[in-house]
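Participant: Pasting a structure below so you can have a look.
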Amino acid sequence: MLDKVLVIKLAALGDFIQAIGPFAAIRKHHSKSHITLLTSKPFVELAHASRLFDQVWVDEKPRVLAIGNWYALRRQLLSGVFKRVYDLQTSDRSSFYHHLFWPRQNPEWSGIASGCSHPHDNPRRNFMHTVERQAEQLRIAGIKNVDVLSSMEFLDAPVDQFALPRDIALLIPGGAMHRPEKRWPLEKFSELARQLLADGLSPVLLGGTSETKILEKIAANCPQARNLCGQTSLLQIAGLARHAMLSVGNDTGPMHLVAAMGCKTVVLYGPSSDPALCGQRGPNVTFIRKPYLNDITVEEVKEASIA
């Protein structure tokens, strides 16, 4: 009978992308095991495409008082009969899942849950970049070779249907709705689009449906830009990044995806997040950070894009 392993990674997109290297390391270390991923619905497609897991479960994230949903989650976890759990989320929620196995099972557990068998107990773990933090967590659990940018080949999809020009620049002006302070002004994105167009690059606007108004305004200010708002899957964004000459955007999940593809990437940061802790990783990434995000100029972005 195969040993069974559970990996927990719930959110967000950037964290999921930066966990692909650890996923691959776990798969290699447990090459003869049955591995299940517990994740959130938006990442199921990526998980299946990676072919690193034998099974993918969706965590519905029960609310505190949804007792029936908590029992259902516990039954599901117990049904896995897991020998080991790798909690790569290491949140209060995912750590609580450790207790859902009691008293019927006590799987080996890598994470920060109280009483777990392989605790990541570095007192400075919260001051480490996500990539190094996860690699150290796995080393403690006995997995020593973690290539943080490995196994990215599956992140691709055909993009011919968009009929784009050859030389494109991806602009990703959105971000979390509840974090407007992380968004560079749309007027500056508009000006950047116009200047890139003058330089021979065709701007392509990417974002989810929640960012429709932002992208429509930029497209109105630069009619030659191609607005693909809400038209691309995550795998198609990766496919576009493999062909793009440049990508510019705020500190948001899709920028982790395009950076990992090797696209020349410029990410704009204000004071509310620190690239030293959560910055995008890739072979050609530049960060611009200022105390006030609005103070970043179009000229600085263009200069960084050709550096």
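Since every read-out is calculated from the coordinates, none of them should be taken as a lab result. What you see is a predicted model, and the numbers here were worked out from it, not measured in a lab. Ideal geometry is used to build each Cβ from the backbone, glycine not excepted, and the neighbour counts take in all protein chains shown.
Participant: Between residue 44 and residue 124, what length comes free when the chain is fully extended (0.36 nm per residue of separation minus the Cα-Cα distance, one decimal in nm)?
Facilitator: Numbers: separation 80, 0.36 × 80 = 28.80 nm, distance 3.14 nm.
Between residue 44 and residue 124, full extension yields 25.7 nm more.
Participant: In addition: Which whole-number percent is the relative contact order of the stretch 1-159 (Cα, under 8 Å, 6+ apart)?
Facilitator: Numbers: 231 pairs, mean separation 45.7, N = 159.
Computed value for the stretch 1-159: 29 percent relative contact order.
Participant: What is the log10 of I(q)/I(0) for the stretch 63-204, computed with the Debye formula using one identical point scatterer on each Cα and no solvent, at q = 0.19 Å⁻¹?
Facilitator: These q points yield log10 I(q)/I(0) values of -1.12.
Participant: Oh, and also: For the chain, treating each Cα as an identical point scatterer without solvent, what Debye log10 I(q)/I(0) comes out at q = 0.15 1/Å?
Facilitator: So the normalised log intensities are -1.15.
Participant: Same structure, new question: Between exposed GluC sites (Glu not before Pro) in the chain, where DSSP calls loop and at most 16 other Cβ atoms lie within 10 Å, what's the longest gap? Before the final figure, lay out the partial values.
Facilitator: Working: sites that count: 60, 153.
Longest site-free region, per DSSP loop and neighbour criteria: 154-307.
Participant: What number, in percent, do you get for the relative contact order of the chain if the mean sequence gap of Cα pairs under 8 Å and at least 6 apart is divided by its residue count? Let's see the in-between values first.
Facilitator: Working: 555 pairs, mean separation 50.1, N = 307.
Here the relative contact order equals 16 percent.
Participant: Next question. For residue 56, enumerate residues with amide H under 5 Å from its amide H, sequence gap 5+ or separate chain, H modeled in the peptide plane.
Facilitator: Counting only residues 5 or more places away or on other chains, the set is 37.
Participant: Using θ = phi - 60° and the Karplus form 6.51 cos²θ - 1.76 cosθ + 1.60, what ³J(HN,Hα) does each residue of the stretch 141-156 get, whole Hz, x for Gly and Pro?
Facilitator: In residue order, the calculated couplings are 8, x, 9, 9, 10, 10, 8, 5, 10, 7, 6, 8, 4, 6, 7, 6 Hz.
Participant: Under the rule of at least 5 residues apart or a separate chain, name every residue whose amide H is placed under 5 Å from the amide H of residue 85.
Facilitator: Those lying under 5 Å, H to H, from residue 85 are 6, 108, 109, 110.
Participant: Can you list the HN-Hα couplings for the stretch 208-214, worked out from phi with the Karplus curve (6.51, -1.76, 1.60; θ = phi - 60°), rounded to whole Hz and with x for Gly and Pro?
Facilitator: These are the phi-based 3J(HN,Hα) values: x, 5, 5, 10, 4, 5, 4 Hz.
Participant: So what J values fall out for the stretch 222-233 if you push phi through Karplus, 6.51 cos²θ - 1.76 cosθ + 1.60 with θ = phi - 60°, rounded to Hz, Gly and Pro as x?
Facilitator: Ordered by residue, 3J(HN,Hα) equals 9, x, 6, 5, 9, 9, 9, 4, x, 9, 10, 7 Hz.
Participant: Which of 182/217; 213/302; 264/302; 144/264; 188/213 have a Cα-Cα distance over 23 Å? Don't skip to the answer; put the middle values down first.
Facilitator: Working: 182/217 18 Å; 213/302 25 Å; 264/302 12 Å; 144/264 30 Å; 188/213 15 Å.
Where the Cα-Cα span goes over 23 Å, the pairs concerned are 213/302; 144/264.
Participant: In which sequence would 67, 140, 112 go, from the one with the fewest C-beta neighbours within 10 Å to the one with the most? Before the final figure, lay out the partial values.
Facilitator: Numbers: 67 10, 140 14, 112 21.
Ranked by crowding around the Cβ, least crowded first: 67, 140, 112.
Participant: For a footprinting-style exposure proxy, rank 202, 117 by other Cβ within 10 Å, fewest first. Write down the numbers at each step before the final one.
Facilitator: Numbers: 202 18, 117 15.
Lowest count first: 117, 202.
Participant: How many angstrom separate the Cα center of the stretch 185-230 from the Cα center of the stretch 272-297?
Facilitator: Here the answer is 20 Å between Cα centres.
Participant: Rounded, prolate or oblate: which fits the stretch 160-306 when a ≥ b ≥ c are the square roots of the eigenvalues of the alpha-carbon gyration tensor, with rounded for a/c under 1.5 and prolate only if a/b beats b/c? Please report the intermediate quantities before stating the final value.
Facilitator: Values: a/c = 1.31, a/b = 1.22, b/c = 1.07.
Verdict is rounded for the stretch 160-306.
Participant: Under 5 Å between amide H atoms, partner at least 5 residues away or on a different chain: which partners does residue 122 have, H built in plane at 1.01 Å?
Facilitator: none
Participant: Taking the chain as a Gaussian network, where each spring joins two C-alpha atoms under 10 Å apart, which residue of 253, 21, 142 fluctuates the most?
Facilitator: 142
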